[in-house]
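The values are calculated or read from the model by the stated rules, or taken from the named source; none is laboratory data. Bear in mind the structure is a predicted one, so any value in this text is a computation, not a measurement. Note that each Cβ is placed from the backbone with ideal geometry, even for glycine, and that neighbours are counted across all protein chains shown.
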Ligand code: DQA
């Protein structure tokens, strides 16, 4: 099995950015957790992060025919990007949405998830551990 984990804007700032919301572990720690989980499960993984909406659309399109599933945290684009929703629908791969925080309990504008409409599961509020849960869910 091969998957891609896609992270959106500002997730490269983990550990620095609002640690009271996103925790003190940095982006390298997140990459480590993803690789460790995939190694343990015998899953091949690609990890991608971008601060640019179009680059995320390109990464989703590029997953077509190459991977068996997508774990995605579109970050702020969750709440705005129909382009990311359409890309997920276009490739038709099983996708799991992850959020480190629980957007439902935060500002009103975080309550809509466009990307989530194309995902088979959403995991929120577990910190970076949510990525492990998402990978295990995709494995089935
Ligand atoms: C986030 C939640 C989003 O609302 C926010 O814009 C982020 C991170 C999360 O992982 O909790 O950048 O996706």
Taking the residues in region 107-121 that are within 11 Å of the ligand (Cβ to nearest atom) and not in a helix (DSSP H, G or I) as candidates, determine which candidate is surrounded by the most Cβ atoms within 10 Å (Cβ to Cβ). 113
Being touching a residue at least 60 places away in the same chain (Cβ under 8 Å) and within 10 Å of the ligand (Cβ to nearest atom) narrows it down to one residue among 135, 43, 128, 70; which is it? 128
Residue pairs, Cβ under 7 Å, 6 or more apart or interchain, first in region 1-13 and part of a helix (DSSP H, G or I), second within 13 Å of the ligand (Cβ to nearest atom) and at pLDDT 95 or above. List them. 11/27; 11/49; 11/73; 11/75; 12/27; 12/49
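Residues checked against (1) within 13 Å of the ligand (Cβ to nearest atom); (2) in a helix (DSSP H, G or I):
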{"site": "25", "(1), (2)": "yes, no"}
{"site": "33", "(1), (2)": "no, yes"}
{"site": "58", "(1), (2)": "no, yes"}
{"site": "66", "(1), (2)": "no, no"}
{"site": "87", "(1), (2)": "no, yes"}
So residue 16 clears everything in (1) surrounded by 16 or more Cβ atoms within 10 Å (Cβ to Cβ); (2) free of Cβ contacts under 8 Å to residues at least 24 places away in the same chain except one condition, right? Which one? (1)
Please enumerate the residues belonging to region 91-106 that are within 8 Å of the ligand (Cβ to nearest atom) and out of contact with any strand residue (DSSP E or B) (no Cβ under 8 Å at 6 or more places or on another chain). 106
